[in-house]
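Right, one structure below, let's go through it.
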Amino acid sequence: MGTASEEEPVTPAGRLFLRPEIGQVIQCLLGGNQPINVDRVKSEITNSMMVKHPRFCSLLVTDRHGREYWKKTTLDVDRHVIVVNDPVGTLDQESAGNDYLADLSVSSPLSTDKPLWEIHLLMAHNCAVLRVHHALGDGISLMSMFLTSCRQAEDPENFPTIKSTGASSTSIISMISGKDNNCRNSRRWRRLFWRLVKMVWFTVVYVLEFVLRTLWVSDERNALSGGAGVELWPRKLATAKFLFDDMRTVKNAVPHATINDVLFGVISSGLSRYLDIRSPNTLQEGLQITGLAMVNLRPQPSMQDMSELIESNSTSLGNKFGVILLPTYYHKSGSDPLRYLMRAKEMIDRKKQSLEPYFSYQICSFIMSIFGPKFASLLNYRVMCNTTFTISNMIGPGEEMTIAGNPVAYMRATSTSLPHAITMHMVTYAGRADMQILVAKDIIPDPQVLANCFEDALLEMKEAATRN
């Protein structure tokens with residue numbers, strides 16, 4: 001074994017993502033309108049700050065006790081850039097990229113004889129696929145690292161920018177630590193006391209629900225259900241495309257709503273629409289369809305400062321997010337479209353008052369340290385088998401950008417397959433929000449129909465919002 005300066009232990013969450021049952025590779029699809037210059041791409045990567053970070057130039061090694069470490073190595077960029085010259089089928093550029101990602105989503109691990117990332121250049125389709133193992137970091141930190149290789153299209157001297165979403169002004173923690181002169185006011189203290197009571201109550205309820213999901217409670221079977229072994233089934237990938245301005249219009253129709261509220265309302269409405277198509281008149285009104293949602297736990301609400309990531313040691317990466325159960329409900333079409341948003345907001349507001357994501361993160365770390373990654377992986381696998389879908393949402397650059405001098409027309413992300421038959425990942429970029437919908441094609445054979453259901457749900461909400 002090398003010295004401490006040469007080797008760094010893999011974080012507990014990283015070890016979990018290395019388990020074969022959970023093994024996750026983040027896959028980012030970048031589309032352009034110009035031919036790709038392979039030599040320039042390699043040059044940009046070689047000179048980028050991204051590959052100077054220890055995690056991107058370290059091998060994954062395992063000691064004789066089975067403990068995983070990152071070990072520094074000499075980086076050979078040529079081994080990480082994979083050039084695909086032949087067309088991917090006869091499809092258009094975007095569909096070809098999606099099909100390529102779908103094929104990589106099942107049983108396509110990254111080679112461990114080199115650092116766990118690579119870039120595939122689809123020359124016939126002017127697009128690139130960045131694959132990074134989830135053990136290196138979460139979406140927040142990896143997005144920041146990747147953007148150090150990009151520049152603003154209108155200002156090539158500057159990095160793309162990520163706007164902060166801001167922190168909740170009603171947070172219990174901020175109320176306790178804030179320097180408000182009115183804190184001595186008895187009415188304010190009573191209000192704070194009841195918020196603390198609700199925080200404890202909701203935390204206990206949601207953590208207990210999470211434990212029950214791990215043990216035996218599961219969703220009722222429906223046309224969207226996955227299960228054990230489904231992660232090995234062939235995949236299809238479709239894209240639901242939204243305009244960020246449309247989401248803002250809907251958000252403004254309900255007081256204090258957020259973009260996340262709109263997204264989850266769209267998901268609830270879209271899933272109901274799709275189930276009406278697949279299983280008309282057979283489902284009970286109010287049927288619960290439970291998802292797993294990723295919640296960022298990093299100190300900053302938006303992306304970390306890029307220079308700090310480069311200047312700090314490699315522990316600035318890693319995975320720091322919690323998981324919450326996200327219950328949505330089947331409702332027959334025909335009701336007020338904004339009701340989906342109102343129900344989603346009500347549910348998410350309760351979630352915000354709890355410490356569920358923090359507990360899920362800490363409990364997972366505790367189980368990893370006491371029982372090891374195999375047992376922790378089994379528990380996570382059971383939670384996924386007992387729920388229906390996975391959803392994540394990440395804010396990307398607000399302006400158009402370039403990479404290796406090539407303008408980026410769209411940026412989308414997904415991951416390798418899970419026991420869920422449907423996983424959804426939304427990324428915002430330059431005024432648009434694209435959601436990648438990865439499905440097990442033997443369970444959901446028509447993912448584009450599902451994508452259309454989500455798009456129609458947002459447009460219907462927008463129409464209702466403008467009428468109001």
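When Arg151 is tested against (1) modelled with pLDDT under 90; (2) surrounded by fewer than 17 Cβ atoms within 10 Å (Cβ to Cβ); (3) in a strand (DSSP E or B), exactly one condition is not met: (2). Checking the stretch 22-34 against the condition returns a match, with at least one residue being more than 25 Å from the chain's Cα centre (by Cα) and either modelled with pLDDT of 85 or more or surrounded by 16 or more Cβ atoms within 10 Å (Cβ to Cβ) (or both). Within the stretch 30-52, can you find the residues that are among the hydrophobic types (A, V, I, L, M, F, W, C), in contact (Cβ under 8 Å) with a residue 40 or more places away in the chain and assigned to a helix (DSSP H, G or I)? Of everything in the stretch 30-52, those that are among the hydrophobic types (A, V, I, L, M, F, W, C), in contact (Cβ under 8 Å) with a residue 40 or more places away in the chain and assigned to a helix (DSSP H, G or I) turn out to be Val38, Val41, Ile45, Met50.
Which residues, taken from the stretch 364-397, are open to solvent by 50 Å² or more (accessible area, probe 1.4 Å) and either out of contact with any helix residue (DSSP H, G or I) (no Cβ under 8 Å at 6 or more places or on another chain) or in a strand (DSSP E or B) (or both)? Matches in the stretch 364-397: Phe366, Ile370, Phe371, Lys374, Leu378, Asn393, Ile395. Taking the stretch 422-449 as the search range and keeping residues that are touching a residue at least 24 places away in the same chain (Cβ under 8 Å) and over 19 Å from the mean Cα position of the chain (by Cα), which one is least open to solvent (accessible area, probe 1.4 Å)? Here the residue is Ile444.
Please tell me if Phe389 is without any contact (Cβ under 8 Å) to a residue 40 or more places away in the chain and either over 16 Å from the mean Cα position of the chain (by Cα) or farther than 30 Å from Lys42 by Cβ (or both). Against the criterion (without any contact (Cβ under 8 Å) to a residue 40 or more places away in the chain and either over 16 Å from the mean Cα position of the chain (by Cα) or farther than 30 Å from Lys42 by Cβ (or both)), Phe389 does not qualify.
Annotation for the stretch 403-418: at least one member residue is open to solvent by 20 Å² or more (accessible area, probe 1.4 Å) and among the hydrophobic types (A, V, I, L, M, F, W, C). Answer yes if at least one residue in the stretch 451-459 is open to solvent by 40 Å² or more (accessible area, probe 1.4 Å) and not in a helix (DSSP H, G or I), and no otherwise. No.
Consider the stretch 251-263 and keep the residues that are β-branched (Val, Ile, Thr) and open to solvent by 20 Å² or more (accessible area, probe 1.4 Å). The one that is farthest from Lys352 (Cα to Cα) is Ile259. With respect to the conditions (1) of a type in the set (Val, Ile, Thr); (2) touching a residue at least 40 places away in the same chain (Cβ under 8 Å); (3) touching a strand residue (DSSP E or B) at 6+ places or on another chain (Cβ under 8 Å), Ile22 falls short on a single one, namely (3).
Residues that are more than 29 Å from Ile36 (Cβ to Cβ) and either of a type in the set (Phe, Trp, Tyr) or in a helix (DSSP H, G or I) (or both) within the stretch 409-450 comprise Val449, Leu450, listed in sequence order.
Checked against the criterion of being of a type in the set (A, V, I, L, M, F, W, C) and more than 30 Å from Ser369 (Cβ to Cβ), the candidates Cys28, Cys57 yield just one match: Cys28. In the set Glu399, Glu455, Glu460, only one residue is charged (D, E, K, R) and out of contact with any strand residue (DSSP E or B) (no Cβ under 9 Å at 6 or more places or on another chain); that residue is Glu460. Restricting attention to the stretch 156-202 and to residues that are within 30 Å of Ser48 (Cβ to Cβ) and open to solvent by 100 Å² or more (accessible area, probe 1.4 Å), the residue that is modelled with the highest pLDDT turns out to be Glu157.
Checking each residue in the stretch 332-354 for being surrounded by fewer than 20 Cβ atoms within 10 Å (Cβ to Cβ) and not in a helix (DSSP H, G or I) picks out Lys332, Ser333, Gly334, Ser335, Asp336.
Within the stretch 35-54, the set of residues being more than 30 Å from Pro373 (Cβ to Cβ) and open to solvent by 40 Å² or more (accessible area, probe 1.4 Å) comprises Pro35, Asn37, Asp39, Arg40, Lys42, Ser43, Glu44, Thr46, Asn47, Met49.
Of all residues in the stretch 81-136, none satisfies the criterion of being modelled with pLDDT of 90 or more, charged (D, E, K, R) and closer than 13 Å to Gly31 by Cβ. Within the set Asn126, Asn85, the sole residue that is touching a helix residue (DSSP H, G or I) at 6+ places or on another chain (Cβ under 7 Å) and surrounded by fewer than 16 Cβ atoms within 10 Å (Cβ to Cβ) turns out to be Asn85.
From the residues in the stretch 209-250 that are among the acidic types (Asp, Glu), open to solvent by 40 Å² or more (accessible area, probe 1.4 Å) and not in a loop (DSSP other than H, G, I, E, B), which one is nearest to Leu325 (Cα to Cα)? Per the criteria, the residue is Glu209. Does the stretch 447-455 contain at least one residue that is over 20 Å from Pro337 (Cβ atoms) and at pLDDT 95 or above? Checked the stretch 447-455: at least one residue is over 20 Å from Pro337 (Cβ atoms) and at pLDDT 95 or above.
The values are calculated or read from the model by the stated rules, or taken from the named source; none is laboratory data. Only a predicted model underlies this, so the values are computations on that prediction, with no experimental measurement involved. Ideal geometry is used to build each Cβ from the backbone, glycine not excepted, and the neighbour counts take in all protein chains shown. Just the protein is used for accessible areas: all its heavy atoms, side chains included, with ligands, DNA and RNA removed. Shrake-Rupley method; radii C 1.70, N 1.55, O 1.52, S 1.80 Å.
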